[in-house]
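Q: Submitted below is the structure of interest, expressed as structure tokens.
The values are calculated or read from the model by the stated rules, or taken from the named source; none is laboratory data. Remember, predicted model here, so these are calculated numbers, not experimental data. Heads up, the Cβs are rebuilt from the backbone with ideal geometry, glycines too, and the neighbour counts pull from every protein chain shown. For accessibility, only protein heavy atoms count, side chains too; no ligands or nucleic acids. Shrake-Rupley method; radii C 1.70, N 1.55, O 1.52, S 1.80 Å.
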Amino acid sequence: MRSPVLHLTWHLARSSGRRGLQSQLLAAAAAAVGSLVLLTLLAAYLGAGARADRTAWRTPAPDRHGTAIQALTTTYVRDEPITVVSLAQLPHHARTPAPPGLNSFPKQGDWYVSPALARLLRTLPPTQLAYRFPKSTPYATISAAGLASPDELVAVIGRAPTDPTVSKSADRQGIYDDGLTARSVVSGFAGTRRSVFTADDQAAVLLGVGLLVVPVIVLAAAAGRLGAARREQRLAALRLAGATPRQILAMTGVEAAAVGAAGALVGAVAYGALLPALAEVPYGIGTWYVGQLWVGLPWVAAVVVGVAGLIAVSAMSTLRQVASSPLGVAQQSDPRRTRLVRLVLFVAVLVYIRVSTDGSALKPGTLVALMVLFYGAFWMFGPWIVDRLGRVVGRFARRPATLLAARRLSDDPRGAWRTVSGLVLAGFVAGFFTVGLLGIVGFDHRGQVAVPTANAADARHAVGEARRLLRAAGVDATVGTDDEGFLLGSSDGVVARVSGGPAALDTAVTVLQPLGAGRLPYAGAYAEAQDTAVSDRLAQLGTATLAVSFLVATASAGLTAAANVLDRRRTYGLLRLSGTPLRVLDRARVRETVLPLLVLAGGTTATGLYAAVQVNKAAGSTISTSGAVQLAVCVTLGALAMLAAIGASRPLLRAVTADPAHATD
Amino acid sequence: MSAVLAGVGLIKKYGSTTALAGVDVEVGACDSLAIMGPSGSGKSTLLHTLAGIVRPDGGQVLLRGERSEMGVPPAEGWGRIDDLGENRLSALRRKRFGFVFQSGQLLPELPAEENVALPLMLEGLPRAQAVERARRWFAPLGLDGLERRRPGQLSGGQAQRVAIARALAVAPDVVFADEPTGALDQATGTEVVRLLTSVTREQGAALVMVTHDAEVAAHCDRILQVRDGRISNYSQFTVS
Ligand SMILES: Nc1ncnc2c1ncn2[C@@H]1O[C@H](COP(=O)(O)OP(=O)(O)O)[C@@H](O)[C@H]1O
Ligand SMILES: [Mg+2]
């Protein structure tokens, strides 16, 4: 970069006046939002991975020459999972190293709990929780090194090698045990298998990142355009002053990059400052340790540079269009037609999705792949439908504002699509996830507690004992060996049907513990753990994606509206001079966004719902009505926020059209 | 000659610069007036003041057929327009005036005929009728077959002729043109201004045109020379 360019850029940036400063500030604000969102997404992605890795030591890694027995099991209280790790040092073997978070390998009778579990033990009656653990000694605390989240419920218990909880019968048996119950001889805690409750976190975040990256890019592009629209104002003056187009382009790039970098830095600082608050946002197993969400300086630098670069590229490409048109106005003489192939592709993808969701239940992976496919197809389809919408409305429009809006839609369908795409796709994603997957229901396990036993004879014997224990604890229940809800899976055991709320259920699980021969009784949450882990994550992802999309889409709608006003301030100004009411121009601006928003956001949300119903029908589940209501509220709020953002540039419209000297010279 | 628009003792100041230093001017119905003068002499300011776009700091702008908002009318059938509210002024410009600017006044995404029909639709004419009325202007202005073209697909001269059609479509009393040929080459400019003056005359509207081109000004009935915000010379070609 030659120094005259830098010098002139600085001079012009300083002398660009109040309106120039305003649009610089807006662009910087957009860059700040963009980098904050990107860094937050990145933090969630890296943090989810780091966090999941912290759970790996609990699943035993078998070693034939091991020195201890490790048994993992999972018990639920109030439908929240507690990871229980039982450890027994083998006699006459070398000493086993300490597990993460503990000072030493626990001796028989020692037990350690996570801080969150300690709180629960203090607040819940012992008959509902504490009696599941050794009663004698007080417990010590597991430090953060052994935990994935401050909210995690974990217990580590030292046992005798002969204790039933570390016996062979405590190993995984039934179909529900995968990832929840396991037992092995180990020599340390080098396990690599992430817990059921964290294994899908990172993939889900990645999907969210994929869905949000595009809106963030759109936002950065809008910010770049805003700067260029203002720059174009002095394009002619610069030419007269002897600057070459290349120099002007370079100046624009430098200025946009500087503004973008400044904004992105503010976003990065905000990310740093917000880390403690971000760490309080629960995801999956709960809130975060602050350190897990710090992405490191190289990543921060990369995001700042990336956002600044995006804005500079967008500003330069906008200016290039403007500079090449004779009147200095970015007008295409012949709007590029959107071709029918977009519709054909979209329909093909729909048909493909319809065919592949028919029949058998889908794996989450396939589901996500189909969703991404749909997303891509929709990105192709969007401009086409906006173009058609513009033409249909243009044909039948009767009011001037509607006609103007419709003509603008078919003039630049891609631009109009970009403005609304964030909200539209968020509507689809949210429709699909929050409504669809929340409602997965397989067997009905409500109010049931299963106690697995070694064999059928033991089960028959245990029925009477279970009745006695439950009666003694004051729990109203019927007990039998029949398992209509398939809660025992294929193993032998007893099923108690408990009447009463979660407290009664937790009491039953606690008091029936002696019958389990080393295994803890369990309720429906245990059997559904695998499904809920996935569907909960996707539902949370849907909500988060929706919220962030709204934020980003609102910001880019506001910026685009402002940039549009600046782009056409001459025409708007002249129209206003000729007596065209500002009201009409303003209404046209709003309709230009509202029309595609109504049709597309409504349409996609409905499509998302429909897709969710179809997929879930195959999976044998139901629709969640509360999710549907929540979604409708969200989409409405998002649309209103967007309108407010567009309305925010009304004073700008008034200001740039007010001075006849600006319009006519 | 019966006047339709008059400026009396017009004064306009921008900070320390005096753009208009007491100008008296009268525009007759069916009359065409060219305003000439060096750059920065106050031509545009005079046009904007007469058109109710800029409010004068002193003097009055009178329009025949308007009722004054307050006070006694200066003369029977005349009204002051320089003291009207923003909304009334806007409506007045829309209904009684037409405007042709140097460039950039057509909405780029609207076909030519819709650009012309827009002011009619703003007046409440149903769209089909507005477009039908707009189309009638295309043949007389030599724009036959260009009705569905968008401004970007028109030459500079064609775009100015569409702008003329738009200005005249509402049947205004006065057409204001600020450097209508400023972005055109000599030959095209001459053709455009010939059409502008003749069509305006046929419609029975008055024309007030700012230009720095003597050849363009010669198409008008009268020429007003402005210098430093004052009328420095006044010539009349035709006697009416
Ligand atoms: N909005 C304005 N603000 C400040 N000064 C203005 C404004 N409009 C015009 N002027 C000044 O008033 C004088 C006359 O301007 P103008 O009528 O545009 O001249 P012309 O059209 O003859 O070139 C000039 O000195 C100009 O700088
Ligand atoms: Mg001028």
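Q: Are any residues in segment A:122-177 of a type outside the set (A, V, I, L, M, F, W, C), open to solvent by less than 40 Å² (accessible area, probe 1.4 Å) and under 21 Å from A:Ala525 (Cβ atoms), and if so, which ones?
A: A:Gln128, A:Arg132, A:Ser149, A:Glu152, A:Thr165, A:Gly174, A:Tyr176, A:Asp177
Q: Regarding B:Val100, is this residue among the hydrophobic types (A, V, I, L, M, F, W, C), within 13 Å of chain A (Cβ to nearest Cβ) and in contact with a His (Cβ under 7 Å, 6 or more places away or on another chain)?
A: no
Q: Additional query: Which ones in segment B:109-126 are surrounded by 23 or more Cβ atoms within 10 Å (Cβ to Cβ) and in a loop (DSSP other than H, G, I, E, B)?
A: Matches in segment B:109-126: B:Glu109 only.
Q: Report the residue count in segment B:221-236 for those that are part of a strand (DSSP E or B) and either within 15 Å of ligand 2 (Cβ to nearest atom) or modelled with pLDDT of 90 or more (or both).
A: Adding up the residues that qualify gives 7.
Q: Could you tell me how many of the residues in segment B:1-52 are within 16 Å of ligand 2 (Cβ to nearest atom), assigned to a loop (DSSP other than H, G, I, E, B) and touching a helix residue (DSSP H, G or I) at 6+ places or on another chain (Cβ under 9 Å)?
A: 2
Q: Let me ask something additional. List the residue pairs whose Cβ atoms are under 8 Å apart, where the first residue sits in segment B:36-55 and is on the phi > 0 side of the Ramachandran plot, the second is near ligand 2 (Cβ under 9 Å from one of its atoms) and not in a loop (DSSP other than H, G, I, E, B), and the two are 6 or more positions apart or on different chains.
A: From residues that are on the phi > 0 side of the Ramachandran plot, the pairs are B:Gly37/B:Lys43.
Q: I'd like the full set of residues that are within 14 Å of ligand 2 (Cβ to nearest atom), open to solvent by less than 30 Å² (accessible area, probe 1.4 Å) and touching a Lys or Arg at 6+ places or on another chain (Cβ under 9 Å), limited to segment B:189-220.
A: Listed by number, the residues that qualify are B:Val210, B:Thr211.
Q: Within segment A:470-513, take every residue that is of a type in the set (A, V, I, L, M, F, W, C) and assigned to a loop (DSSP other than H, G, I, E, B) and give me the one that is most open to solvent (accessible area, probe 1.4 Å).
A: Once the filter is applied, the top-ranked residue is A:Phe486.
Q: So which residues in segment A:372-412 are of a type outside the set (Val, Ile, Thr), under 26 Å from A:Cys634 (Cβ atoms) and within 14 Å of chain B (Cβ to nearest Cβ)?
A: A:Ala405, A:Leu409
Q: Please note which helices (runs of 4 or more DSSP H) are completely contained in segment A:573-665 and include at least 2 residues that are modelled with pLDDT of 70 or more and open to solvent by 30 Å² or more (accessible area, probe 1.4 Å).
A: A:582-596, A:602-619, A:625-647, A:650-658
Q: Test B:Phe97 against the criterion of being within 16 Å of ligand 2 (Cβ to nearest atom) and at pLDDT 90 or above, and give yes or no.
A: no
Q: Exactly one condition in (1) open to solvent by less than 60 Å² (accessible area, probe 1.4 Å); (2) under 23 Å from A:Lys168 (Cα atoms) is not met by A:His93; state its number.
A: In the conditions (1) open to solvent by less than 60 Å² (accessible area, probe 1.4 Å); (2) under 23 Å from A:Lys168 (Cα atoms), A:His93 misses (1) alone.
Q: Can you tell me which condition B:Arg201 does not meet? The list is (1) away from ligand 1 (no atom under 16 Å from the Cβ); (2) within 14 Å of another protein chain (Cβ to nearest Cβ), and all the others hold.
A: Condition not satisfied by B:Arg201: (2).
Q: So which residues in segment B:24-49 are within 12 Å of ligand 1 (Cβ to nearest atom), of a type outside the set (S, T, N, Q) and closer than 25 Å to B:Arg94 by Cα?
A: B:Ile35, B:Gly42, B:Lys43, B:Leu46, B:Leu47, B:His48
Q: Please determine whether any residue of segment A:543-553 is in contact with a Lys or Arg (Cβ under 9 Å, 6 or more places away or on another chain), crowded, with 24+ Cβ neighbours inside 10 Å and either assigned to a helix (DSSP H, G or I) or outside the structural domain of A:Ala32 (by TED's automatic domain parsing) (or both).
A: No, the conditions are met nowhere in segment A:543-553.
Q: Working carefully through the options B:Gln160, B:Gln186, B:Gln129, find the one that is surrounded by fewer than 16 Cβ atoms within 10 Å (Cβ to Cβ) and within 14 Å of another protein chain (Cβ to nearest Cβ).
A: B:Gln129
Q: May I ask you to say which residue of A:Ala323, A:Ala277, A:Ala361 is at pLDDT 90 or above and away from every other protein chain (no Cβ under 14 Å)?
A: A:Ala277
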